[in-house]
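Quick notes on the structure that follows.
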Amino acid sequence: MMEQNVTYASGLAALGGCLQVLAILILAYPEFQKTQHNIKYSERFEQILVPLNILCQIAVGLVNTVSTWYGPVSIVIPIRVSAQLIFNMLFFGKLGIENFPKDVRVGTYIVVSGALILPIVGPTAQQGQNVVELLEQPLSEFWTMILFSLTAVSGFYCMRFIATKSNGKKKLEHPYKFVILLTARVTSAVLSTSISKFLVGTSGIGLLITICAFLACSVVITCVAILQATEVDQSVVSLQQVFILNPSFFTLTHRLFHSSCR
Amino acid sequence: MNTITGLIIWQDWLVIQSWGGYGVVMCQILLGVYLISSLDGYSHSADSNYALAQSISIQLVKDKIRKNGNRGKSMIVGLAGGNIKTMMNAIPEDNGDEDDEEEDDEDDDFASKSLISFGGTTIDALKDSIRSMFSYGSVHSYMQGSEDFDA
């Protein structure tokens, strides 16, 4: 296990949040200029944007994973989320891409101020934690099982939804669609964050299992992201983004769908 | 979910610096998220039309009490029931005396003036707008018994 340092963890989490917003901005700003100000870009320039976005997302993934190695997940995630919210508001608001009403601005400041206080009142760094021992605690096993079960069940439904959509159905009709998507997104994100912390604390078979679990979570996250981009109203998605936050993926998915439609 | 995971799996409960502070910050974050979101838990329970009618009625009662002293009490009773008839006819019942009829005329005039003071509109326009407001939605029932609305 790496030496724990909450300052590093918080800084990296904030950087991850900022980079994620920048990743969206790379695609969103030229699109905004094109549609609103009729500015035309060269084809070559437009072709660079998507790979640039992907590169940014890879950087985001790396920074986010590393940030969990240095501090408690319960501090890292809120700081990452609040960084995304504030940078999203700053960049998109200043550039005029999006208008943020007063309640959204105040809400953002409330979340950010809360996240900033977390390292002062919340958990401190714990050095030398043994991941295997932690997981062997009965309560820990129980909670992990709940998270895995919820991720597996909701992930299964998400894959079924995607299969239904790929069969040509435009709109999914399921009474618990929103609950399933939200559960899949939240549980998989929580699991993947903890699993990414396990990556540095395990070896051998344990590491292999961790990598498999991490990939499984990534599959679920990807499925939900695709479904969210096409199935959930934007106003609802914005709430989910507060919890799970993969907006650049939404944008990318939109972009890919848009490109494939041309 | 992250907090619970942190507490259970990562044993954050051993190193929390301030339980009270941590709880309050969590509440603050949840409230902030609620403020940002499009969810509104009271959107269906609150009736803005009814609230507006109550506001108008309360203003009328205040004016009446200011002018007539204790005579405005009967309207306060009417307000508690939320009766649109009472609201729109914010004049206390008379005792059958001729003198009172004159006073009622004055009261009518006063009530009209009070209504005119809302947004500088005319009494008829205001009545029309309130009538249309009450023609739809859950407040429709409040219109029951208000046949003499235009009286």
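Matching residues to (1) buried (at least 20 other Cβ atoms within 10 Å of the Cβ); (2) within 11 Å of chain B (Cβ to nearest Cβ); (3) at negative phi; (4) among the hydroxyl-bearing types (Ser, Thr, Tyr):
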residue: A:ILE146; (1), (2), (3), (4): no, yes, yes, no
residue: A:HIS174; (1), (2), (3), (4): no, no, yes, no
residue: A:LEU191; (1), (2), (3), (4): yes, yes, yes, no
residue: A:PHE214; (1), (2), (3), (4): no, no, yes, no
Would you confirm whether any residue within region A:85-99 is exposed (fewer than 14 other Cβ atoms within 10 Å of the Cβ) and under 22 Å from A:THR183 (Cβ atoms)?
-> no
Give the number of residues within region A:1-43 that are within 27 Å of A:VAL200 (Cα to Cα) and assigned to a loop (DSSP other than H, G, I, E, B).
-> 5
Could you tell me whether any residue of region A:19-26 is loosely packed, with under 12 Cβ neighbours inside 10 Å, assigned by TED's automatic domain parsing to the domain that holds A:VAL81 and over 14 Å from A:VAL66 (Cα atoms)?
-> no
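Per-residue answers, yes or no, for (1) touching a residue at least 40 places away in the same chain (Cβ under 8 Å); (2) in a helix (DSSP H, G or I); (3) of a type in the set (D, E, K, R):
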{"site": "A:ILE48", "(1), (2), (3)": "no, yes, no"}
{"site": "A:LEU52", "(1), (2), (3)": "no, yes, no"}
{"site": "A:PHE87", "(1), (2), (3)": "yes, yes, no"}
{"site": "A:GLU98", "(1), (2), (3)": "no, no, yes"}
{"site": "A:VAL111", "(1), (2), (3)": "yes, yes, no"}
{"site": "A:PRO119", "(1), (2), (3)": "yes, yes, no"}
{"site": "A:GLY128", "(1), (2), (3)": "yes, no, no"}
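The values are calculated or read from the model by the stated rules, or taken from the named source; none is laboratory data. Note that this is a predicted model, so its numbers are computed, not measured. As a convention, Cβ positions derive from the backbone with ideal geometry for all residues, glycine included, and neighbour counts pool all protein chains shown.
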